[in-house]
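The values are calculated or read from the model by the stated rules, or taken from the named source; none is laboratory data. On a predicted model such as this, the values are computed, not experimentally measured, just so you know. Note that we place each Cβ from the backbone using ideal geometry, even for glycine, and neighbour counts take in every protein chain shown. Heavy atoms of the whole protein, side chains included, go into the accessibility calculation; ligands, DNA and RNA do not. Shrake-Rupley method; radii C 1.70, N 1.55, O 1.52, S 1.80 Å.
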Amino acid sequence: ITIDAEPLPQSRPRFGNGKAYELPVLRNYKSTIALIAQRQLAGLKPLTGALRCGLKFYRNFNETSRRFGDFDNLAKAVVDALNGIAFVDDSQITKCVIEKIRSERQRVEIWIEELKPPLQEG
């Protein structure tokens with residue numbers, strides 16, 4: 001799955017009027033990811049087993065810059081948006097490789113595969 005949008009990290013919830021809410025820019029980003037994933041995975045059912053994945057975040061910042069975003073927060077926004085589309089729930093992910101790469105063309109590249117069950121002894 002390729003998302004041609006600037007990668008954004010998951011932010012802490014904001015509070016107002018006694019309720020927690022997500023910033024509109026992050027809500028829109030996650031909606032964009034979900035929409036693109038639905039189109040690219042059309043006709044496929046969400047994966048149900050244990051998963052491994054790879055996430056490559058391309059941004060126009062130095063990889064070690066605080067402005068690039070923490071790798072775990074970048075990943076959280078993406079996998080949350082893919083819940084119910086690419087997989088049933090992000091808790092299925094048992095292994096994930098995350099890369100931050102400096103690039104003029106900002107995007108997120110995602111791969112996901114279902115792990116084969118281990119051989120049973122006996």
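Worth pointing out:
- Any hit, region 89-102, residues being touching a residue at least 60 places away in the same chain (Cβ under 8 Å), open to solvent by less than 50 Å² (accessible area, probe 1.4 Å) and either within 20 Å of Leu26 (Cβ to Cβ) or of a type in the set (Phe, Trp, Tyr) (or both): no
- Filtered residue count, region 29-46, keeping only those that are among the hydroxyl-bearing types (Ser, Thr, Tyr) and in a loop (DSSP other than H, G, I, E, B): 0
- Matching option when the condition is touching a Cys at 6+ places or on another chain (Cβ under 8 Å) and among the basic types (Lys, Arg), among Arg52, Arg66, Arg59: Arg52
- Residue in region 58-71 that is closer than 30 Å to Lys116 by Cα, modelled with pLDDT under 95 and surrounded by 13 or more Cβ atoms within 10 Å (Cβ to Cβ) present: yes
- Counted residues, region 1-28 - those being open to solvent by less than 90 Å² (accessible area, probe 1.4 Å), modelled with pLDDT of 90 or more and assigned to a loop (DSSP other than H, G, I, E, B): 7
- Sole exception among (1) surrounded by 12 or more Cβ atoms within 10 Å (Cβ to Cβ); (2) over 17 Å from the mean Cα position of the chain (by Cα); (3) part of a strand (DSSP E or B); (4) among the small types (Gly, Ala, Ser) for Gly49, by number: (3)
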